[in-house]
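Report on the structure given below.
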């Protein structure tokens, strides 16, 4: 199975105070870290969707090996970035493993675990103590319907909620932390 990585990194990070793609965490830009997580997790190709401060991200970040696309409608919310990324994928790809730039606790192991269920009909989410999180694996059979419902700040959530019988949860709390980074971490 061919599993593409789809990194959503287009937001302005309003609550954070800056685009999260440009946030440095543990000495590395979040966008670089998330790209490496998808690559090390076995995703190929990897699509990085940029938007806010795209020129600065392209100047500062090493996105070698990724296909970078800029979402012109990034300010309308994550849904447009998911649609942009899905539209960029080669239709021969079996599934897309979606990761958000602001989830630095996600590991390559979690990506591999979720991507291990890849198939054109797959709908798989990593879970953390029973709660859904990222990465999310979307089989190509679902891409057009997911895109149709990806509006505003909602990605695949609406589609997944409408089809719970199709969704497989994969526990990942033993190898990753699913929290997102909404605001700067306090200084030690």
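The values are calculated or read from the model by the stated rules, or taken from the named source; none is laboratory data. Since the structure is predicted, the reported quantities are computational estimates derived from the model, not experimental observations. Cβ placement follows ideal geometry from the backbone for every residue including glycine, while neighbour counts extend to all protein chains displayed.
What pairs come out if I take residues in the stretch 106-124 that are within 15 Å of residue 2 (Cβ to Cβ) and pair them with residues that are at pLDDT below 95 whose C-beta lies under 6 Å away, six or more apart or interchain?
Final answer for the pair search is 118/1.
Which of the residues belonging to the stretch 140-174 are assigned to a loop (DSSP other than H, G, I, E, B) and either at pLDDT 95 or above or exposed (fewer than 15 other Cβ atoms within 10 Å of the Cβ) (or both)?
The first filter runs over the stretch 140-174 and keeps only residues assigned to a loop (DSSP other than H, G, I, E, B), leaving 150-156, 163, 167, 172-174.
Scanning the stretch 140-174 gives 152, 153, 163, 167, 172, 173, 174.
Residues in the stretch 3-46 that are at pLDDT below 95 and closer than 26 Å to residue 139 by Cβ: how many?
1
Filtering the stretch 57-81 down to residues that are touching a strand residue (DSSP E or B) at 6+ places or on another chain (Cβ under 6 Å) and part of a loop (DSSP other than H, G, I, E, B), which residue is surrounded by the most Cβ atoms within 10 Å (Cβ to Cβ)?
71
For the stretch 4-23, name all the residues that are touching a helix residue (DSSP H, G or I) at 6+ places or on another chain (Cβ under 8 Å) and either closer than 21 Å to residue 114 by Cα or part of a strand (DSSP E or B) (or both).
5, 6, 7, 8, 9, listed by residue number.
Yes or no: the stretch 98-105 includes at least one residue that is more than 16 Å from residue 176 (Cα to Cα) and either in contact (Cβ under 8 Å) with a residue 60 or more places away in the chain or within 12 Å of the chain's Cα centre (by Cα) (or both). It would help to see each step written out before you state the result.
Taking the stretch 98-105 and keeping what is more than 16 Å from residue 176 (Cα to Cα), we get none.
No, the stretch 98-105 has no match at all.
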